[in-house]
Amino acid sequence: MALIALVGASEILPDGGLRALVTVAGETLIERQAARLADVGVTHIAVAVAAVPADLLATCDRIRRRGLKVTPVRAAGDLVALVEAEDRIILVADGLRAGGTHYAAIAKPGSPAILVTGDTMLTQSFERIDATRRWGGLASISQPMVVELAAMPGEWDMMLTLLRLAVQSGARRLYCEPALFEQGEIAIVSDRPTAALIEQSSLQQVEYGGMGLGRSAIMMPIVRLIGPLLVKSPKTARYLPFITAFSWIAVAALAASGLAAAGALVAIFGGLCLAAMRFLSAFRAESAAQDRVRDLIRTFGWALLGFYPWLVSLGGPDHLMPAFAEAALAPCLAAAILLARWLYEDGGEKRRFHWLLPDTDQAWILLAPALIFDFATLMFAILPLLALLQILLWLRLARRPGAR
């Protein structure tokens, strides 16, 4: 049994372009839909089209390079040839922008299902399915419904007719609150000004998030200032992981060459790149892959902090052992940061004051001037104690009862 998607890409905007090709936060709507569908197990996407312009062909080629099969279809007969009796088909409305949780809910195994919401002023752009409900833009149908549509005489709107067949068959209804549409978590992009508003809303809703004083108080605020520039082009998300990885490799290379201060400065830049990756992954469809790459790079940066004095001393011209305060306490600092990470993760959903905890960004920011002005030994002695003090303070504050 395969999971196949039927994605709408036929609606024309007032300026003559396709709605599916409108760009929000540096990616077209149909590419975002394809990435979300791939995350829930879809391997084949049928694109419902009226015409196939060159820019749509180029977009489909980019989707294919991600490992998905893409087939344009114009009628139900074309879709019948792609599905088998046990296959399930996910319908995705033309111009839909929704979160991964909504795709995951509709893709769960079971009988046909429809994502629905209330009939309010916020949901007028969605198709009405009865007196009080509107379609939420996603549905799961079965192969017999496609066969039934193909057998119907005349020309029918493929997407909406399949939706009607699902409604008439008594498909399960998965309800989502209309408030999600006000927040921009689900939307039908009807024109380019709407896309611009959704992009601004998405940028404003990205949380500072994550553990650590350095990231929360310094790195993420800087990234949020340049956020609108980061999301303008899809190339940013494509090349940023490589830039970040090469930055941390450069840190190790500089340390091994004896250039400790230069390595620490590059590490601060690498931390800023990691924060930018987290910022992009918070609302872009590539978030799952970006998170895995970011975690791998962050782990490398954490390990590098613990071994940094050894790299600097043993890689220097004299190849000497590092001073005891640096050699012993740098791993202690890394261990304290790891302890803070574990405590943060164990905090569950009720995390508070997480910005107080120590992190590698804070350590590199404090180490850089110490290495430049030659008091690194003292700083390596202070940082583990400071990290433990931050953890104790966090434990004290986080366990206080919240305001009611």
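The values are calculated or read from the model by the stated rules, or taken from the named source; none is laboratory data. Note that the coordinates shown come from a computational prediction; the quantities given were computed from them, not determined experimentally. Neighbour counts run over all protein chains shown; Cβ positions are idealised from the backbone, glycine included.
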Which of the helices (runs of 4 or more DSSP H) contained wholly in the stretch 158-237 include at least 1 residues that are at pLDDT 85 or above and under 21 Å from E27 (Cα atoms)? 192-205, 220-225
Restricting the search to the stretch 270-321, which residues are buried (at least 21 other Cβ atoms within 10 Å of the Cβ), modelled with pLDDT under 85 and over 30 Å from A34 (Cβ atoms)? V312
Scan the stretch 129-148 and give yes if some residue there is under 28 Å from P228 (Cβ atoms), modelled with pLDDT of 90 or more and of a type in the set (G, A, S), otherwise no. yes
Among the numbered criteria (1) surrounded by fewer than 23 Cβ atoms within 10 Å (Cβ to Cβ); (2) in contact with an Asp or Glu (Cβ under 7 Å, 6 or more places away or on another chain); (3) modelled with pLDDT of 90 or more, which one does A20 miss? (1)
I'd like the full set of residues that are loosely packed, with under 13 Cβ neighbours inside 10 Å and touching a residue at least 24 places away in the same chain (Cβ under 8 Å), limited to the stretch 69-101. E84, A85, E86
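Please find, within the stretch 238-258, the residue that is surrounded by the most Cβ atoms within 10 Å (Cβ to Cβ) out of those that are in a helix (DSSP H, G or I) and of a type in the set (G, A, S). Show your work before the answer.
Initial filter on the stretch 238-258 (in a helix (DSSP H, G or I)): 238-256.
Imposing the further condition that a residue be of a type in the set (G, A, S) reduces the set to 245, 247, 250, 252-253, 255-256.
Values: A245: 16, S247: 20, A250: 16, A252: 20, A253: 15, A255: 26, A256: 15.
If we take residues in the stretch 238-258 being in a helix (DSSP H, G or I) and of a type in the set (G, A, S), then A255 is surrounded by the most Cβ atoms within 10 Å (Cβ to Cβ).
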Only one of (1) modelled with pLDDT under 90; (2) surrounded by 14 or more Cβ atoms within 10 Å (Cβ to Cβ) fails for R66. Which number is that? (2)
Within the stretch 77-102, residues β-branched (V, I, T) and assigned to a loop (DSSP other than H, G, I, E, B) come out as V83
Consider L115 against the criteria (1) in a loop (DSSP other than H, G, I, E, B); (2) crowded, with 21+ Cβ neighbours inside 10 Å: it satisfies all of them except one. Which criterion is unmet? (1)
Within the stretch 132-178, can you find the residues that are within 28 Å of the chain's Cα centre (by Cα) and of a type in the set (D, E)? E177
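Please tell me if V47 is part of a loop (DSSP other than H, G, I, E, B), among the β-branched types (V, I, T) and at pLDDT 90 or above.
On the way: part of a loop (DSSP other than H, G, I, E, B): no; among the β-branched types (V, I, T): yes; at pLDDT 90 or above: yes.
Judged against the criteria, V47 is not a match.
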Restricting to the stretch 118-148, name every residue that is among the basic types (K, R) and surrounded by 13 or more Cβ atoms within 10 Å (Cβ to Cβ). R133, R134
Assess whether A151 counts as being modelled with pLDDT of 90 or more, surrounded by fewer than 20 Cβ atoms within 10 Å (Cβ to Cβ) and out of contact with any Ser or Thr (no Cβ under 8 Å at 6 or more places or on another chain). yes
Test each condition in (1) under 28 Å from the mean Cα position of the chain (by Cα); (2) aliphatic (A, V, I, L, M); (3) modelled with pLDDT under 85; (4) more than 30 Å from A187 (Cα to Cα) for L338 and report the one that comes out false. (3)
Those residues of the stretch 21-44 which are touching a strand residue (DSSP E or B) at 6+ places or on another chain (Cβ under 7 Å) and either of a type in the set (S, T, N, Q) or assigned to a helix (DSSP H, G or I) (or both) amount to L21, L29, I30, R32, Q33, A34, L37, T43
